[in-house]
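Some notes on the structure that comes next.
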Amino acid sequence: MERQPVSSSTIVSVGYDAPSETLEIEFHKTGLYQYFNVPEVLYGAMMAAPSQGVFFNANIKNQFPYERL
């Protein structure tokens, strides 16, 4: 999956696969994770947010199943 770099102190890059609703996030300290069943609207909102890290913590973390790659 292709990821886009973001300006964040916690997140390196973010990618999204619409057909599978999979959000892929690379974190500076903990590496690469995939979050499943994430609606595309949340991905768009995350990318448009002033802070991707704050958005992630408020709207995605602990709310979707995930896997560390």
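Just so it is clear, none of the values below were taken in a lab; they were calculated from the coordinates. Here the structure is a predicted model, which means the values were calculated and not measured. Every residue, glycine among them, receives a Cβ derived from its backbone with ideal geometry; neighbour counts consider all protein chains shown.
Quick notes on this structure:
- Just one of (1) hydroxyl-bearing (Ser, Thr, Tyr); (2) out of contact with any helix residue (DSSP H, G or I) (no Cβ under 9 Å at 6 or more places or on another chain); (3) within 16 Å of MET1 (Cα to Cα) fails for THR30. It is (3).
- Selection status of LEU69, exposed (fewer than 11 other Cβ atoms within 10 Å of the Cβ), out of contact with any His (no Cβ under 7 Å at 6 or more places or on another chain) and touching a residue at least 12 places away in the same chain (Cβ under 8 Å): yes
- Scanning segment 37-69 for residues that are under 10 Å from the mean Cα position of the chain (by Cα) and hydrophobic (A, V, I, L, M, F, W, C) gives VAL38, LEU42, MET46, MET47, PHE55, PHE56, ILE60.
- Of all residues in segment 46-57, exactly one satisfies the criterion of being under 18 Å from ALA18 (Cα atoms) and surrounded by fewer than 13 Cβ atoms within 10 Å (Cβ to Cβ), namely ALA48.
- Restricting segment 1-40 to residues that are touching a His at 6+ places or on another chain (Cβ under 9 Å) and hydroxyl-bearing (Ser, Thr, Tyr), the residue that is nearest to LEU69 (Cα to Cα): THR10
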